[in-house]
Every structure is written in C-alpha cells, then in structure tokens.
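Each remark here refers to the structure printed beneath this line.
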Amino acid sequence: MTETEPGNASAADAAIRPDPERWVDNHGDYLFHFALSRVRDATKAEDFVQETLLAGLRGMDRYQGRSSERTWLGGILRNKLLDHFRTLGRETSFTDLDFYADEEERAFENRAFPDHWNAAHAPSEWSAAGDALDREEFWKVFHSCSGKLPDRIARVFLLREVDRISSDEICATLNISPNNLWVMLHRARMALRRCLEIHWFNADTGDAE
Amino acid sequence: MKRFVSRILRPFVLLLAAGTPTCRRVVQQASQRFDSVTGTSIPLRTRAHLLICSACARYLRQLELIHEASGKLAQKDTSLSKLPDASRTRIKARLRCEKS
Ligand SMILES: [Zn+2]
C-alpha cells in the first residue's frame, strides 16, 4: 500500500469527505450479497465487507469521485475475492468436473442417434423469454438456480459470466487448465438452463420433474 | 396433434442432422463460444445442424439469454441477501475505531 502525497490528500478531503459509516448503510447489502454469492459463507462474507470498507477508509484519499462510490468499493471487494480465490486455486478437485456428467449423459442418451438430444431432455420453447429479465421473480429463480451449483462451478461461472473476467485470468487465478474451465462452464450453463426451464419457464405448465 | 406429427417427423429430421456435428458437440461449442478469445463465429456445419435441429437452436438462444442475464446481474442494485443488523453494528464500530 502506498500513501498519496499529503498535498493531494487534503485537496481530495476538501472536495468530498465520504463517511465510511454511511457506506455500511448505503452499500452494505450490495457488498454482502456480492461476497456471499461468491464465498457462500455468511461469516466470511461479512469479513470481506469489513475488509473492503477498511481498505476504502485507508484509501479514501485516492478515491476522487471518478466512479460512483459503489463501483469503487465493489472494485476493492472484487480484488480481495480474487486474492482469496488465488490461495484456494490449487484445491480444484475432479469431483467438480464430475458435476452434471450423469445428467449430460442422460440428456444425450439416444439409441437411434447417439449423442443427439434425448426427447425428454431436449430444451423446450421458453415462452415470454424476452420479458423475463424485467421480472423480479425471474431474478429470484436465477439466483436460486445459480445457488444450486457446486461451490467451484458457481465460482468460475460468476467470475466468467457475471464479472466478465477473461478465461485466461480465471485459469491463472484458480490455477486450472483452459480445458477444465471450459468443462466447468459448459456444465454450469447446462445445469442453469435446465433449472431455469423447470422453475421459471415451465413453472405453470405442471410438467416439471 | 402437433406432438404426434413431430414424433413422426423426428427420425427424418435426425437423419438429416446425422451429417452434421452431434447435438452434444454443438452444445459444447455453443458454450465455448462465450469463453474463447478466438473464433466466435459458428462453423458452417454447425449452422446446418441448427437449421434442422430446433432443440439445439433453442439451446443456443437460451444460452444467450443466460449470458445476458448474468451480465445484468452485476449491475442490478437489488440485493437478495441483506447484511444482518448485528454485522452492520460490528462493522461500523470497527470503522469508527480505525478512523480515530
Ligand atoms: Zn441438435
């Protein structure tokens, strides 16, 4: 951590003096939700929120209002989570790659045409898919479906699809091969798609599993 | 009725599809397109598959929707999980202590 020059600091101070305690009220839920969906442990998530706000407090002089407070704090949290994942990276186990393997087998179990969709598992048409993203309930289902993914599968999915971190960077951070990453992302998407189909798009037709 | 017709037609459709990549392969490729730095265009043989296989075509559309939704998730302000009040108080106290 480097300190900014005293001159700059006092200039920034004079411009705006953010109140760190107010951060808790204004951004606490946002940061907590962000951390919790990635570490899946409320105590750890709370620690991350606290560490983020402390780092924000210490680095306040460097924040000059170029981005919104939330974007700035979110960036600090994101870096803290990446550091955390970096230390966990080496633990990636093969069971993660097994996730959904059976389901994938069943999805493409087709005696007449091997590796083509099994009729019972083929994607069905999603009605009103275009409106889904405007519905608050859709986001609840989306959240609960992504919450069902195993920890590490969910982690790579969130890093890739939500945080839009490059595949290369994810591989380096988590210390996994590109191929493993692809398998994990592919299975995550398959599982999420299936879950959304059952719990959102077909929820009212009664032919859920 | 619709279901009956599609059941009759299905083998023919799948026979046509047999000359193109398998559904399993198409679905894998579809996922990789979101992640690889090179080649986001769909190969010709896969395009042919998508023309005759509505299930895979749907799968691709649905993956796009999931991709779009995930991207929006980061911008969404509503927090589904709330920071507990006790944690709030604890963190505020810790910040006060750090400030002074
Ligand atoms: Zn297909």
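The values are calculated or read from the model by the stated rules, or taken from the named source; none is laboratory data. Source: prediction; values computed, not measured. Note that each Cβ is placed from the backbone with ideal geometry, even for glycine, and that neighbours are counted across all protein chains shown.
Could you tell me whether any residue of the range A:168-182 is on the phi > 0 side of the Ramachandran plot and within 10 Å of chain B (Cβ to nearest Cβ)? Show your work before the answer.
Pass one, the range A:168-182, residues on the phi > 0 side of the Ramachandran plot: A:175.
From the residues that got through so far, the ones that are within 10 Å of chain B (Cβ to nearest Cβ) too are none.
Looking through the range A:168-182, none of the residues is on the phi > 0 side of the Ramachandran plot and within 10 Å of chain B (Cβ to nearest Cβ).
Please determine whether any residue of the range B:49-57 is under 13 Å from the mean Cα position of the chain (by Cα), touching a residue at least 12 places away in the same chain (Cβ under 8 Å) and away from the ligand (no atom under 16 Å from the Cβ).
As a first pass, look at the range B:49-57 and keep what is under 13 Å from the mean Cα position of the chain (by Cα): B:56-57.
Narrowing further to those that are touching a residue at least 12 places away in the same chain (Cβ under 8 Å): B:56.
Going one step further and asking which of them are away from the ligand (no atom under 16 Å from the Cβ), we end up with none.
No, the range B:49-57 contains no residue that is under 13 Å from the mean Cα position of the chain (by Cα), touching a residue at least 12 places away in the same chain (Cβ under 8 Å) and away from the ligand (no atom under 16 Å from the Cβ).
Within the set of pairs 6+ apart or on separate chains, which have a first residue in the range A:122-143 that is more than 26 Å from A:Arg155 (Cβ to Cβ) and touching a residue at least 60 places away in the same chain (Cβ under 8 Å), a second that is in a loop (DSSP other than H, G, I, E, B) and of a type outside the set (A, V, I, L, M, F, W, C), and C-beta atoms under 8 Å apart?
A:Ser124/A:Asn202
On the given criteria, is A:Ser146 among the small types (Gly, Ala, Ser), in contact (Cβ under 8 Å) with a residue 24 or more places away in the chain and part of a loop (DSSP other than H, G, I, E, B)?
Values: among the small types (Gly, Ala, Ser): yes; in contact (Cβ under 8 Å) with a residue 24 or more places away in the chain: yes; part of a loop (DSSP other than H, G, I, E, B): no.
No: the conditions fail for A:Ser146.
Out of A:Leu88, A:Leu158, which single residue is touching a helix residue (DSSP H, G or I) at 6+ places or on another chain (Cβ under 9 Å), away from every other protein chain (no Cβ under 12 Å) and under 30 Å from A:Leu31 (Cβ atoms)? Before you say what the answer is, go through the steps one by one.
On the way: A:Leu158 fails: away from every other protein chain (no Cβ under 12 Å).
Step by step, each of A:Leu88, A:Leu158 is checked, and only A:Leu88 is touching a helix residue (DSSP H, G or I) at 6+ places or on another chain (Cβ under 9 Å), away from every other protein chain (no Cβ under 12 Å) and under 30 Å from A:Leu31 (Cβ atoms).
Determine which single condition B:Ser41 fails, assuming it passes every other condition in (1) under 28 Å from A:His143 (Cα atoms); (2) not in a helix (DSSP H, G or I).
Among (1) under 28 Å from A:His143 (Cα atoms); (2) not in a helix (DSSP H, G or I), the lone unmet condition for B:Ser41 is (1).
Considering only the range B:77-100, how many residues are of a type in the set (D, E, K, R), more than 7 Å from chain A (Cβ to nearest Cβ) and surrounded by 13 or more Cβ atoms within 10 Å (Cβ to Cβ)?
Total meeting the criteria: 1.
Quick check on the range B:19-44: of everything there that is more than 20 Å from the chain's Cα centre (by Cα) and exposed (fewer than 13 other Cβ atoms within 10 Å of the Cβ), which residue is modelled with the lowest pLDDT?
Among those that are more than 20 Å from the chain's Cα centre (by Cα) and exposed (fewer than 13 other Cβ atoms within 10 Å of the Cβ), it is B:Gly19.
Considering only the range A:31-68, state which residues are among the polar types (S, T, N, Q) and either within 12 Å of another protein chain (Cβ to nearest Cβ) or more than 21 Å from A:Pro18 (Cα to Cα) (or both). First the steps, then the outcome.
Filtering the range A:31-68 for residues among the polar types (S, T, N, Q) gives A:37, A:43, A:50, A:52, A:64, A:67-68.
Matches in the range A:31-68: A:Ser37, A:Thr43, A:Gln50, A:Thr52, A:Ser68.
Output the residues belonging to the range A:113-143 that are modelled with pLDDT under 90, surrounded by fewer than 17 Cβ atoms within 10 Å (Cβ to Cβ) and either in contact with a strand residue (DSSP E or B) (Cβ under 8 Å, 6 or more places away or on another chain) or of a type in the set (Gly, Ala, Ser) (or both).
A:Ser127, A:Ala128, A:Gly130
Show the residue pairs that are 6+ apart or on different chains and have beta-carbon atoms under 9 Å apart, the first residue being within the range B:12-32 and β-branched (Val, Ile, Thr), the second being more than 9 Å from the ligand (Cβ to nearest atom) and at pLDDT below 85.
Within 9 Å, the pairs are B:Val13/B:Ser6.
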